[in-house]
Each structure stands twice: as structure tokens, then as C-alpha cells.
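Each remark here refers to the structure printed beneath this line.
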Amino acid sequence: MNINKSIIKRSFGILLISLAFIGCQDMERPELGDYPTDVGNYTPLDGETLFAEFNNTYYLNSINGAPATKVGNSSLGEPKVGEYSFMGATDSYITYPVKGLFGTNELTVGFWYKVNAAPDRSGLVVVGNPSITGDDGRKYGFRLFREGNGSSQTIKLNAGIGTGESWNDGGVLTVDNNWVYITLTISETESKIYFNGVLQRTSTFSSPVNFTGCVDFLIGSGGPTFSYWGHKSDNSLYDEIKVFNKVLTQTEIVSLMN
């Protein structure tokens, strides 16, 4: 029996190309970035675009499998929920691609937080435009940060609205080694900061937050876009970070926390 080897080679080559094409198709999630989608049995809540539970050393995003980019020497720490939390460190932070995380003029960020008051100020969650520095940089994205002393820390928000900036003076955390669930909501017209599901302060906008040029969602530091004024890295613990592309109600926040 004569076997045409050239036909076999050609058929095998076609098979390999087909498999590669199918694999690439499975990787395509343009709205969230090109990452694997196999993240186990987790079912996201309505509008949920990121869930970082820190139950492994890769800081996976349980929605789309995107690993965080780790800068510096941050590590895993004692958990509030599950196996580990994210532990900040000097000159360290992690980032996720911002693409696909937020809705049109709406978002919610919620996470468990155990504050370490040293240093006495830091960035917590920051989204900025890396091509613009100084005061003009605060016209884009937002900066959730803290400042205070060894007994109390005030959680505040600065948000950029393109032509200017908006401030939300938030609320005061007691430095008592307890976990607190912090939630930030941003709509087209206002921002709100909650502690453990209790509203601390509302601040209104004259126009929506402007995300022009913003590429990273940064956790644990002011990072490259907000390190001035001493709001650098944070030695605190973070757990169960969730992002939504909509504004959650107070009832939904309490349900999420519990």
C-alpha cells in the first residue's frame, strides 16, 4: 500500500493551523483584554468586571483570568476571607488593565481593608493618566487615598472631570487592627464613600469623571500618577476587591459585604 507522505504532512499542517486559530479565538475578549477565560466556577454578579480574591500568588482576576502586574515587593498576607489578602509594601503596588472595568460614567469599587497607619498617608486605589503629571493629572481618573496619624486615618477621593477636579472628604477610620469594608461609587453626577455599608459622604460633579488616557487600575499606592504629596505606597491589607460597571445601591453594598 503506497502512502503519499506529502499529503499527510500537508493535512497535519492544516490541523495545527486550525487548532491554533481555535485557541486564539478562545483567548479573544476585546472588551476585557486578551486573557484566558477559564477561571473555574465563579459566576460574576450583575455588572461585576473584576474580582481579585488573592487566593493564590498570581493575584488573578476571577472574572476574566487577567493576572495583576506586580511592582516591587508586595506579598500575600492574612485574609479577611479565603486563604490570603494582598499586603502592600514600600515602593510596591499591583495593577490591572483598566479597559472594560467601568461603565459609561458609572462604577463601583468595594474591598476589605485593614489599615496600617505607617506611613501616615498613601494611595489606595488610583486610576490616572500617566502622560500628564502634576496638578493637571488630577483632571483625569480618580484617586482614593488616606491621610492622618497613628490613631485615625481619613479616606478621601479626588476625581478628575476634564476641566477640573472634584473632592470627596469621605470619612475617618479608627486605627484599631479591624477590617473595614470600603466602597466607592461614582455616577455621572456624584461620588459616594461608604464604610461597612454606611454612607460617609456624597460629593457632586459638574460633569462626569474623565478617563482620557487612563490605562491602569492601581491598588496599594499613589503610583506613577499620584505619588506627590506623600501619597505613595501602602503597608495595609486588602482583600476581596470587586469592581462593577454600575453604581451599587446601599442595599446591594450591604449584601456584597455580607
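The values are calculated or read from the model by the stated rules, or taken from the named source; none is laboratory data. Computed from a prediction, not measured in an experiment: that's the story for all the values here. Please note: Cβ atoms are built from the backbone with ideal geometry, for glycine as well, and neighbour counts cover all protein chains shown. SASA here: full protein model, heavy atoms, side chains in, ligands and nucleic acids out. Shrake-Rupley method; radii C 1.70, N 1.55, O 1.52, S 1.80 Å.
Residue 141 sits among other residues whose Cβ lies under 11 Å from its own Cβ, and their net charge, with Lys and Arg +1 and Asp and Glu -1, is +1.
Peptide packing for 175-185, 202-212 was compared via the average number of neighbouring C-beta atoms within 10 Å per residue; ordered from the highest value, the list is 175-185, 202-212. For the stretch 53-60, putting each phi into the Karplus relation 6.51 cos²θ - 1.76 cosθ + 1.60 with θ = phi - 60° gives couplings of 9, 6, 9, 7, 6, 9, 6, 5 Hz, in residue order, rounded to whole numbers and with x for Gly and Pro. Surface composition of the stretch 157-258: carbon plus sulfur atoms contribute 47% of the solvent-accessible area (1.4 Å probe, protein chains only, all chains present).
Just the number, please: carbon plus sulfur as a percent of the accessible area of the stretch 54-141, 1.4 Å probe, no ligands or DNA/RNA counted. Intermediate values should be presented prior to the final figure.
Numbers: 1700 of 3630 Å².
Summing carbon and sulfur atoms, their accessible area is 47 percent of the total for the stretch 54-141.
Please give the net charge around residue 202, taking every other residue with its beta carbon less than 11 angstrom from that of residue 202, where Lys and Arg add +1 and Asp and Glu add -1. Here the count lands on 0.
Taken along its three principal axes, the alpha carbon spread of the stretch 176-258 comes to 37, 35, 20 Å, from the longest extent down to the shortest. Remark: the stretch 144-258 carries 39 Å² of accessible area per residue (probe radius 1.4 Å; ligands, DNA and RNA excluded).
Using only the C-alpha atoms, the convex hull of the stretch 59-120 corresponds to 124 Å³ per residue. For the stretch 102-145, the fraction of C-alpha pairs farther apart than 14 angstrom is 61 percent.
Taking the Cβ of residue 248 as the centre, find all other residues whose Cβ is under 12 Å away and add up their charges (Lys, Arg: +1; Asp, Glu: -1). Spell out each step's value before the answer.
Details: positive: 192, 242, 246; negative: 46, 48, 106, 252.
Here the charged neighbours net out to -1.
Within the stretch 42-166, the ratio Rg/Rh, alpha carbon atoms throughout and Rh by Kirkwood, equals 0.96.
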